[in-house]
Amino acid sequence: MKTQFTISVLTENHIGLLNRVSIIFTRRRINIESIAVSESEVKGIHRYTIVITEEEELVKKVIKQLEKQIDVVGAFYYNNDELVYQEIALYKIPTNVLVAGGKAEQIVRHHNARFLAVEPEFSIIEKTGHKEETQVLFNELEPYGILEFVRSGRVAITKPMKQLKEYLKELEITSLNN
Amino acid sequence: MEELLLEKVSTITGAEAVVKCLLAENVEVMFGYPGGAIMPVYDALYDYQEELKHILTRHEQGAIHAAQGYARSSGRVGVCIATSGPGATNLITGIADAQIDSTPLVCITGQVHAHLLGTDAFQETDVVGISMPVTKWNCQVTKAEDIPTVLAKAFYIARSGRPGPVLVDITKDAQFGHVEFEYEKCNQIRSYVPKPKVDYLCVKAAAELINEAKKPLVVFGQGVILAEAEKEFKAFIEKAGLPAAWTIMGLSALPSNHELNVGMLGMHGNYAPNKLTNECDVLIAVGMRFDDRVTGNLEQYAKQAKVIHLEIDPAEVDKNVKTTVAVVGDCKASLKQLTALLKDQKHTHWLTNFKELKAIENEKVIQNETNPLVGDMTMGEVIAQINKVTKGEAVVVTDVGQHQMVACRYAEFNQTKSSITSGGLGTMGFCLPAAIGAKFGAPQRQVIAVIGDGGFQMTIQELGTIFQTQIEVKVLILNNQFLGMVRQWQELFFDKRYSSTEMVNPDFQMIAKGYGMAANKVEKRSSLEAAVKEMLTYEGSYLLEVMVGKENNVFPMIETGASVSDIRLE
Ligand SMILES: Cc1ncc(C[n+]2csc(CCOP(=O)(O)OP(=O)(O)O)c2C)c(N)n1
């Protein structure tokens, strides 16, 4: 059965690694639903957060092929319930719909979204949450005319505790070539 | 005093640093082809001709296959070098081949000036991008001072763990730049675990399974050779009386005449090991990756058996075949630990099964192939004649096709690293340049290139490399005037519709002579034995063309999608 998994890949900060990482997915024709990359809590180590929907058996194989890449420090996969995760969405709507009846503004407040900018022509709204939540807001605002919409990749933090620093220490020993 | 000081602060060019790195890694020979973007390195090589031999091939594909042949016969890292753009792209087939066959290579390519990168400059290709899916690691260098560390890393990655090809792309300005040269060999990269530590609990679990087994079967691959674990492997199978069958990449790790050697696995392998894969109770895989050419239909592969997998690359475990016990790590270490826990056994009754099936194959296939008394000449009888002379001591390099399957089935070997072939990628054109490289890697040994008339013409230009270097390679062309293996499939699966497989060939003897190579052609069985002997005892390179039956087929055969137990004898 296909399920949604979040893959966390920790890498050294080298040029071209994004390409190496994504090749592992494209080779097997796996669709990457979202991807977010940033530096982790350890300087020089980057964390890729990748969301895919696949069978767990296949995900395990992908994890091993990711780990096999020389500059990949580690790769892990998680069910959604092992994670706390968020996405951020930005919506651009015409400002005049906000003044007209006040309904659009109610919707925005109701969703705990906030205004990032209000210009005479357009306003920009920001909402953080799971995809379903940012999608509901999208659906409700749609009748008022959404001029532009963008949603980020998922960022996630795992509930199980294993500190990256500890993990790196272990690697210092296992990576010895003897 | 002043001189000493000068030496300390003096710098060398990036190009010279490349050469010095190679020397620091004890590289004695490299294969390559010059061009604009790599000229500074070639200029530096000019000053080091004594220390570092550069073999000029006739095509970059020839250079990389030669580096592969060198690596495979010597067990060392093969090095090749090419210019940017077309030079670099011509390496790609060989890189892909080395990746899938785990061959340690360092490929160095020149690149346009750093400030031109991304601008479609003359002879600019994104070779780092192109080679990414087929390299173990690759890297672009744009500064001279980075050259030593990157090359040190390159050699370490290429040879350690599961070996593979590495590509280092060096911009021309980095070659012209200056560096205070200092070389430190790399022996650790924190994100890379070349040899996972063997888990003793897994070894124990594996030993228990083997000790309990009534019908164990060992299937081994090149991992045994790459780990230099031939001795440990032999001790392992001998102690527990385990029949052992090889993948094409594992060929020569165990002597052909060893009593526990039960032959070749896979599509054109031997009858007994394929059939009995589906009857064994414990299947012990050592340093092999369950390629589909070996397993046939996975749904019907060894389903009855418990599977043990000794493997250095964790990504291979459970990739194709689900294991009962996986022993991850270097098989040299794990085999030793495992053998210590095994009971002495003989499995005489089980081994009889192999003998019986071998007798059937012998009668139905092997006799007719290796000793036909009438009809067209066969590839098998030519290989049998070679065995008579070499007595299993030669390095046999093969190309891809029917002759490859026949040579690997029938050639005999007493020592390891003696069979060199393109297994995973099946690269036609591999053989001739790989044989050249193999000779440089094992200069004391006889090297025989066994090639089809098709594959020979894919890299035939490397006769020029033999001519110029005067290296001794015996070239055996098994000429069936067809792209034989494809024709066989057309006969069996496409109603004999021989679409574009018939070859009208040139006079190979005359071509050889143009390259100053002794040559002969055999069309009759009566002159075969003498001709083979003449080729193998001749001092110097020699090309022998043997005209074999045009429409002979290789059997046994497991059809694509069929189970190993459905192996056909005819
Ligand atoms: C580069 C490349 N192109 C195409 C093929 C497909 N192919 C596999 S075997 C074969 C025929 C080889 O013919 P030949 O070299 O004459 O050897 P034979 O099979 O007759 O022994 C072909 C075309 C291949 N393996 N490699």
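Laboratory data are not the source of any read-out in this text; all were calculated from the coordinates shown. Only a predicted model underlies this, so the values are computations on that prediction, with no experimental measurement involved. Note that each Cβ is placed from the backbone with ideal geometry, even for glycine, and that neighbours are counted across all protein chains shown.
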**Request:** With just the Cα atoms of segment B:11-180, tell me how far they stretch along each of the three principal axes, in Å, largest first.
**Result:** 37, 35, 30
**Asked** If you bin the C-alpha pair distances of chain B every 20 Å from 0, what whole percents do you get?
**Response** 21, 51, 26, 2, 0
**Message:** Straight-line reach from B:Lys153: which aspartates and glutamates fall under 12 Å, measuring Cα to Cα and dropping same-chain residues less than 8 apart?
**Reply:** A:Asp71, B:Glu25, B:Glu184
**Item:** Förster radius 22 Å - calculated FRET efficiency between B:Gln468 and B:Asp43, Cβ distance, rounded to 0.05
**Value:** 0.60
**Message:** Between B:Ile12 and B:Ala235, what is 0.36 nm times their sequence separation minus the Cα-Cα distance? Round to one decimal in nm.
**Reply:** 75.2 nm
**Complete:** Zone reached by a paramagnetic label modelled 7 Å from B:Asp126 Cα along Cα→Cβ, restricted to segment A:36-56 with backbone N below 15 Å, covers none
**Asked** If the cut-off is 26 Å between C-alpha atoms, which lysines fall inside it for A:Lys103, apart from same-chain ones fewer than 8 positions away?
**Response** A:Lys92, A:Lys127, A:Lys131
**Fill in**
Given pairs B:Lys195/B:Lys391; B:Lys364/B:Lys439; B:Lys53/B:Lys195; B:Lys319/B:Lys417; B:Lys306/B:Lys391 and cut-off 30 Å on Cα-Cα distance, the over-length ones are B:Lys195/B:Lys391; B:Lys364/B:Lys439; B:Lys53/B:Lys195; B:Lys306/B:Lys391
**Summed residue charge, Cβ within 9 Å of A:Lys61's Cβ, Lys/Arg positive, Asp/Glu negative** = +2
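Rounded to the nearest 5, what is the percent of antiparallel bridges among the DSSP beta bridges in the protein assembly as shown?
45 percent
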**Request:** Set the Förster distance to 41 Å, then compute FRET efficiency between B:Ser526 and B:Ser499 from the Cβ-Cβ distance, nearest 0.05.
**Result:** 0.70
**Under 13 Å, Cβ to Cβ, from B:Gly177 - net charge with Lys/Arg +1 and Asp/Glu -1** = -3
**Message:** Past the 23 angstrom mark, what percentage of all C-alpha to C-alpha distances in segment A:3-83 do you count?
**Reply:** 13 percent
**Request:** Between beta-carbons, use under 15 Å as the cut-off and find the net charge around B:Ile460, counting Lys and Arg +1, Asp and Glu -1.
**Result:** -3
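With N residues in chain A, what two-decimal value do you get for its Cα radius of gyration over 2.2 N^0.38 Å? Numbers along the way, then the final one.
On the way: Rg = 20.1 Å, N = 178, 2.2 N^0.38 = 15.8 Å.
Computed over Cα atoms of chain A, the ratio equals 1.27.
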**Message:** Using only the alpha carbons of segment B:111-227, what is the convex hull's orientation-averaged projected area in square nanometres?
**Reply:** 10.7 nm²
**Nearest-0.05 FRET efficiency for A:Glu172 and B:Gln304, computed from C-beta distance (R0 41 Å)** = 0.40
**Prompt:** Can you put B:Ile237, B:Ile284 in order, fewest other beta carbons within 10 Å first?
**Reply:** B:Ile237, B:Ile284
**Order of B:Cys80, B:Cys202 - criterion: other Cβ atoms within 10 Å of each residue's Cβ, fewest first** = B:Cys202, B:Cys80
**Request:** Sum -39500 (n - 2.57) across every DSSP H segment of at least 4 residues in chain B, then divide by the residue count to get the 222 nm mean residue ellipticity, nearest 500.
**Result:** -10500 deg cm²/dmol
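What is the fewest-to-most order of B:Cys431, B:Cys107 by other Cβ atoms lying within 10 Å of their Cβ?
Ordered by Cβ neighbours within 10 Å, fewest first: B:Cys107, B:Cys431.
What Kirkwood hydrodynamic radius do you get for the protein assembly as shown when you take the inverse of the mean 1/r over all pairs of distinct Cα atoms, in Å?
Roughly 28.6 Å, rounded to one decimal.
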